[in-house]
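Student: Take this structure, written in structure tokens, and hold onto it; I'll ask about it next.
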Ligand code: 3EB
């Protein structure tokens with residue numbers, strides 16, 4: 001039992017929801033306005049709301065994660081199950097669990113069990129969110145994490161003498177260590193982006209099958225970054241590879257213009273876009289090498305592109321067009337990237353064709 005991802009404007013999601021009722025694992029919504037009609041989305045579908053401008057015209061862009069249940073087996077036993085635990089809303093099928101959590105940094109401070117003068121509100125919020133996620137997936141038996149999507153306000157801002165992205169890294173690492181999940185060779189794929197405002201917002205995909213962590217031979221592991229990027233290293237793999245029931249899925253982390261551990265083409269959007277695409281190709285080549293088969297290709301993929309400055313959109317599109325040939329399928333979102341000199345980050349989820357045996 002696999003997953004299927006659909007990208008669409010909000011109006012289409014509203015129309016489709018009735019038919020999809022029994023198949024939607026979760027929804028990610030990008031919208032700048034705090035639109036009232038978002039409330040029309042079904043209450044028990046985990047929905048990650050991200051206050052970020054969509055750069056391609058639509059007001060609201062949605063990514064819908066559907067459970068691939070064959071219509072014939074939609075009996076009661078196969079239905080999706082939804083629930084809440086702590087701040088998490090989740091939904092799962094036999095194999096996969098999708099969850100979301102939105103945590104206001106200010107409310108975390110009121111949790112006296114988390115009060116500690118030496119740790120910052122964002123660090124506390126991160127620790128608390130990850131702690132809740134680990135407890136949930138262990139309770140439910142979906143204990144393998146495939147992918148995290150992390151969003152926070154003012155990611156490049158500083159407080160307590162530390163950049164907020166670096167505070168996030170400290171909190172994430174503490175939670176992973178506390179739950180024995182800090183094995184550098186087996187971390188989930190992830191991304192971490194900055195929005196103008198809003199709570200710490202995290203979506204995650206977990207499951208019953210262990211994925212394979214994939215690294216990029218052009219980059220050192222983020223887990224091994226030198227101390228110049230912060231007191232604790234970012235805990236994620238460049239991609240995770242999941243093989244269930246003849247379908248392989250590659251979850252590619254946020255990818256940027258980094259070679260080794262260094263940013264290349266600082267403040268050069270065209271150069272960064274090209275370098276990022278070369279990095280994406282390198283991750284895909286590594287996954288294909290591990291699979292022993294050319295299962296995945298960058299030419300047949302829907303990309304999520306985060307751009308720091310909206311006015312760079314045209315240049316980014318030109319570079320994508322030149323590199324990818326053919327039609328580009330992508331969602332363009334304005335967001336801050338986790339190093340101040342980075343202008344673009346691209347992520348993707350790629351599914352192989354189902355093998356016919
Ligand atoms: C990088 O490669 C760019 O902290 O979870 C990419 C993907 C980045 C995930 C994270 C950060 C994260 O270091 C930034």
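A short reminder: the numbers here are calculations on the coordinates, not readings from a lab. Owing to the predicted nature of the structure, the values given are computational and were not obtained by experimental measurement. Backbone-built Cβ (ideal geometry, glycine too); neighbour counts: all protein chains shown.
Student: Which values of log₁₀ I(q)/I(0), to two decimal places, follow from the Debye formula for the chain at q = 0.08, 0.10, 0.13 Å⁻¹ with a uniform point scatterer at every Cα?
Tutor: -0.36, -0.58, -1.04
Student: If we sort 248-261, 316-329 on the protection proxy, mean other Cβ atoms within 10 Å, highest first, what's the order?
Tutor: With the highest mean Cβ count within 10 Å placed first, the list reads 248-261, 316-329.
Student: Take residue 156, project a point 7 Å from its Cα along the Cβ direction, then tell me which residues of the stretch 326-349 have their backbone nitrogen under 19 Å from it.
Tutor: Under 19 Å, as judged by backbone N against the label point of residue 156, lie 333-347 of the stretch 326-349.
Student: A further question follows. In nm, to one decimal, how far is the residue 81 label point from the residue 318 one, both placed 7 Å along Cα→Cβ?
Tutor: My value for the distance between the label points is 5.4 nm.
Student: Testing the spin-label approximation: label points 7 Å from Cα along Cα→Cβ at residue 139 and residue 290. State their distance in nm.
Tutor: Reported label-point gap for residue 139 and residue 290 is 3.1 nm.
Student: Percent of Cα-Cα pairs more than 20 Å apart in the stretch 182-310, please.
Tutor: 49 percent
Student: To the nearest 0.05, what FRET efficiency results for residue 8 and residue 180 with a Förster distance of 51 Å applied to their C-beta separation?
Tutor: Working from the Cβ atoms, E equals 0.85.
Student: Hey, what number do you get for the chain at 222 nm if only DSSP H runs of n ≥ 4 count, each worth -39500 (n - 2.57), divided across all residues, to the nearest 500?
Tutor: It comes out at -7500 deg cm²/dmol, rounded to the nearest 500.
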